[in-house]
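J.: Encoded as structure tokens, here's the structure I'll be asking about.
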Amino acid sequence: MNEKFPKGFLLGTATSACQTETTRNTNWYGLRTRDGITVDRNIEHDLHRLEDTEIIALLGNAYRFNPDWAKLQNKPFGQLGTTQVENYRSFMGALKDKGLHLMFVLHHFANPNWFEKVGGWESNESPDIFADYSEKMAREFGDLTSSWNTINEPMTHAVNGYFFGFFPPCRKNPIAAIRVLKSQRKAHRLAYDSIKERLPNQMVGVSNATMDFRSESCLGQISAGIARKIYLEIIPDMFLPADFIGISYYGCVPFNPLPVTEIENPRKLDKMGRAHDKMWEYYPCGLEKVINHFHGRYNKPIIITENGCCTDDDEFRIRSIKEHLDAVRSSIKRGADVRGYFHWSTFDNVELHLGPSWRFGLVHINYETMKRTIKPSGIYYSKLVKSLRGN
Ligand code: BGC
């Protein structure tokens, strides 16, 4: 296995603060999920740092994570809080001592409540507020980070937060969604420049939400074509410059002519004879297609910032890891410069507006006791990581 990945290949896991840390001061706090629970404790990652550090190090030579902006800064252009900076620094220092590459994600769907109060991403001031935060983060943490992801999946954030109203601030206004994308584009560019000025040797980019958008009918050709154009061309072009192209890939969305997912159309994929997890059609070959597309379009290093599956069937998860890593290896053989793969997710966590029963983790969480138990897929993944370490 080890000789099949290039030297220095990053293999790790990924998490986000709004799905793992206790949350009080973000716009996710108090959101009622489809499962019926209210977002509050998540998996108490910030209260289990020591234990979680060991687990994270077992599951990767790299870790992609997102500190909680609301914990670090309490007003626009404010200084970062010393205690919280120290907390994150000691957590990151412990991972760095274990040899991990740390990819920092500055924005992963959550906004501090104070940021919402001053207009959030719809305000003209938001790019400057975010750029100031990025500059301070680079100053405080740059000696511990290895790479940066300014914004996680801008399109998922805009569509779910401002068009469908699933994510906070739960708006349903297409004009607002476009305004938010424009603000985030500007915010990314400003943040890119300020991070690069301080840390010229660290790669900076965004993660792009991707799927294999497949047409199933004549009309489906039009809708799938539009989705492809927006997700795989317009949005990634908007979020340049970038030193790497981040790809988050979860499967295939058939269009007939509307998109078919297991989340919104339960059992329909079964009727179509398609394998699926609890959310989307299972289609590992699509990852190779997406990598090849981005390699051809940008000819830049590529990092798989997220890939995983939502299931209680851990055998399925192991198969999914194997087959998606095969897709990565095959695209490397064809010439794509893929530098790393982050599995989503380290732990079961609260799946955004859906809730805790939608499990993605290599580590099982008992939500009553918060006990962490490594699943067979986690053991499988840790063996892959070990074989890579000997590389
Ligand atoms: C998001 C994660 C989410 C995952 C599964 C990604 O788009 O970045 O926060 O948990 O998809 O839905």
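J.: Taking the range 263-283 on its own, how many of its residues are acidic (Asp, Glu) and surrounded by 15 or more Cβ atoms within 10 Å (Cβ to Cβ)? If you could, list the steps in order and put the result at the bottom.
T.: We begin by selecting, within the range 263-283, every residue acidic (Asp, Glu); these are 264, 270, 277, 281.
Within this subset, residues satisfying the condition of being surrounded by 15 or more Cβ atoms within 10 Å (Cβ to Cβ) are 277, 281.
Counting residues in the range 263-283 that are acidic (Asp, Glu) and surrounded by 15 or more Cβ atoms within 10 Å (Cβ to Cβ) gives 2.
J.: From Met238, Met272, which residue is away from the ligand (no atom under 16 Å from the Cβ) and within 29 Å of Thr145 (Cα to Cα)? Before you say what the answer is, go through the steps one by one.
T.: Details: Met272 fails: within 29 Å of Thr145 (Cα to Cα).
When all the criteria are applied, what remains is Met238.
J.: Sticking with this structure for a sec: Do we have Arg139 as part of a helix (DSSP H, G or I), more than 16 Å from the ligand (Cβ to nearest atom), out of contact with any Lys or Arg (no Cβ under 8 Å at 6 or more places or on another chain) and not hydroxyl-bearing (Ser, Thr, Tyr) here? Quick ask: steps written out before the conclusion?
T.: Numbers: part of a helix (DSSP H, G or I): yes; more than 16 Å from the ligand (Cβ to nearest atom): yes; out of contact with any Lys or Arg (no Cβ under 8 Å at 6 or more places or on another chain): no; not hydroxyl-bearing (Ser, Thr, Tyr): yes.
No; evaluated as a whole, the condition is false for this residue.
J.: Okay, next question. Could you go through the range 217-230 and let me know if any residue there is open to solvent by 20 Å² or more (accessible area, probe 1.4 Å) and within 16 Å of the ligand (Cβ to nearest atom).
T.: Yes: the range 217-230 contains one or more residues that are open to solvent by 20 Å² or more (accessible area, probe 1.4 Å) and within 16 Å of the ligand (Cβ to nearest atom).
J.: Next up: Considering only residues that are open to solvent by 60 Å² or more (accessible area, probe 1.4 Å), among the aliphatic types (A, V, I, L, M) and part of a loop (DSSP other than H, G, I, E, B), which ones fall in the range 6-63? Reasoning before the result, please.
T.: Keep residues of the range 6-63 that are open to solvent by 60 Å² or more (accessible area, probe 1.4 Å), which gives 7-8, 24-25, 29, 32, 34-35, 37-38, 41, 47, 50-51, 54, 58.
Next, from what is left, pick out any that are among the aliphatic types (A, V, I, L, M): 37, 47, 50, 58.
Matches in the range 6-63: Ile37 only.
J.: Mind listing whichever residues of the range 377-391 are under 17 Å from Leu325 (Cα atoms) and touching a residue at least 40 places away in the same chain (Cβ under 8 Å)?
T.: If the condition is that a residue be under 17 Å from Leu325 (Cα atoms) and touching a residue at least 40 places away in the same chain (Cβ under 8 Å), then Ser377, Gly378, Tyr380, Tyr381, Ser382, Leu384, Val385, Ser387, Leu388, Arg389, Asn391 are the ones that fit.
J.: Check the range 297-309 and report whether any residue there is within 20 Å of the chain's Cα centre (by Cα), modelled with pLDDT of 95 or more and polar (S, T, N, Q). Write out each step before concluding.
T.: Quick first cut of the range 297-309, residues within 20 Å of the chain's Cα centre (by Cα) only: 300-309.
Narrowing the set further to residues that are modelled with pLDDT of 95 or more leaves 300-309.
From what's left, polar (S, T, N, Q): 305, 307.
Looking through the range 297-309, at least one residue is within 20 Å of the chain's Cα centre (by Cα), modelled with pLDDT of 95 or more and polar (S, T, N, Q).
Yes/no per residue for (1) within 16 Å of the ligand (Cβ to nearest atom); (2) crowded, with 17+ Cβ neighbours inside 10 Å; (3) closer than 18 Å to Arg64 by Cβ:
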{"residue": "Cys285", "(1), (2), (3)": "no, no, no"}
{"residue": "Ile302", "(1), (2), (3)": "no, yes, yes"}
{"residue": "Ser345", "(1), (2), (3)": "yes, yes, yes"}
{"residue": "Asp348", "(1), (2), (3)": "yes, yes, yes"}
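Each row is one residue, and each column tells you yes or no for (1) of a type in the set (A, V, I, L, M, F, W, C); (2) within 20 Å of Pro112 (Cβ to Cβ); (3) surrounded by fewer than 22 Cβ atoms within 10 Å (Cβ to Cβ); (4) under 20 Å from the mean Cα position of the chain (by Cα).
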| site | (1), (2), (3), (4) |
| --- | --- |
| Asp132 | no, yes, yes, no |
| Ala158 | yes, yes, no, yes |
| Pro168 | no, yes, no, yes |
| Ala187 | yes, yes, no, yes |
| Ala191 | yes, yes, no, yes |
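J.: What is the one condition in (1) under 16 Å from the mean Cα position of the chain (by Cα); (2) closer than 30 Å to His101 by Cα; (3) within 16 Å of the ligand (Cβ to nearest atom) that Phe244 does not satisfy?
T.: (3)
J.: In the range 351-381, how many are more than 24 Å from Glu262 (Cβ to Cβ) and of a type in the set (S, T, N, Q)?
T.: 3
J.: Which numbered condition trips up Ile151, out of (1) of a type in the set (Val, Ile, Thr); (2) open to solvent by less than 10 Å² (accessible area, probe 1.4 Å); (3) assigned to a helix (DSSP H, G or I)?
T.: (3)
J.: Being open to solvent by less than 50 Å² (accessible area, probe 1.4 Å), on the phi > 0 side of the Ramachandran plot and at pLDDT 95 or above is true for just one of Gly120, Gly78, Gly93. Which residue is that?
T.: Numbers: Gly78 fails: on the phi > 0 side of the Ramachandran plot; Gly93 fails: on the phi > 0 side of the Ramachandran plot.
When all the criteria are applied, what remains is Gly120.
J.: Still on this structure, I have one more. For the range 95-106, state whether one or more residues are touching a Leu at 6+ places or on another chain (Cβ under 9 Å), within 23 Å of Tyr381 (Cβ to Cβ) and part of a helix (DSSP H, G or I).
T.: So far as the range 95-106 goes, yes, one or more of its residues are touching a Leu at 6+ places or on another chain (Cβ under 9 Å), within 23 Å of Tyr381 (Cβ to Cβ) and part of a helix (DSSP H, G or I).
J.: Restricting attention to the range 305-315, which residues are within 16 Å of the ligand (Cβ to nearest atom) and surrounded by 15 or more Cβ atoms within 10 Å (Cβ to Cβ)? Even if it seems obvious, please write down each step before you answer.
T.: Filtering the range 305-315 for residues within 16 Å of the ligand (Cβ to nearest atom) gives 305-312.
Answer for the range 305-315, where residues must be within 16 Å of the ligand (Cβ to nearest atom) and surrounded by 15 or more Cβ atoms within 10 Å (Cβ to Cβ): Thr305, Glu306, Asn307, Gly308, Cys309, Cys310, Thr311.
J.: Could I ask something else about it? Just one of the numbered conditions (1) without any contact (Cβ under 8 Å) to a residue 12 or more places away in the chain; (2) within 16 Å of the ligand (Cβ to nearest atom) is not true of Thr15; which one?
T.: Checking Thr15 against (1) without any contact (Cβ under 8 Å) to a residue 12 or more places away in the chain; (2) within 16 Å of the ligand (Cβ to nearest atom), the one that fails is (1).
J.: Please tell me if Ser248 is touching an Asp or Glu at 6+ places or on another chain (Cβ under 7 Å), open to solvent by less than 40 Å² (accessible area, probe 1.4 Å) and within 18 Å of His108 (Cα to Cα).
T.: Considered against the rule, which asks whether it is touching an Asp or Glu at 6+ places or on another chain (Cβ under 7 Å), open to solvent by less than 40 Å² (accessible area, probe 1.4 Å) and within 18 Å of His108 (Cα to Cα), Ser248 comes out as yes.
J.: Exactly one of these conditions fails for Val328: (1) modelled with pLDDT under 95; (2) touching a strand residue (DSSP E or B) at 6+ places or on another chain (Cβ under 9 Å). Give me its number.
T.: It fails just one condition, (1).
The values are calculated or read from the model by the stated rules, or taken from the named source; none is laboratory data. Predicted model only: the values in this text are computed from it and were never measured. Note that we place each Cβ from the backbone using ideal geometry, even for glycine, and neighbour counts take in every protein chain shown. Please note that ligands, DNA and RNA were not included when accessible areas were found on the heavy atoms of the full protein model with its side chains. Shrake-Rupley method; radii C 1.70, N 1.55, O 1.52, S 1.80 Å.
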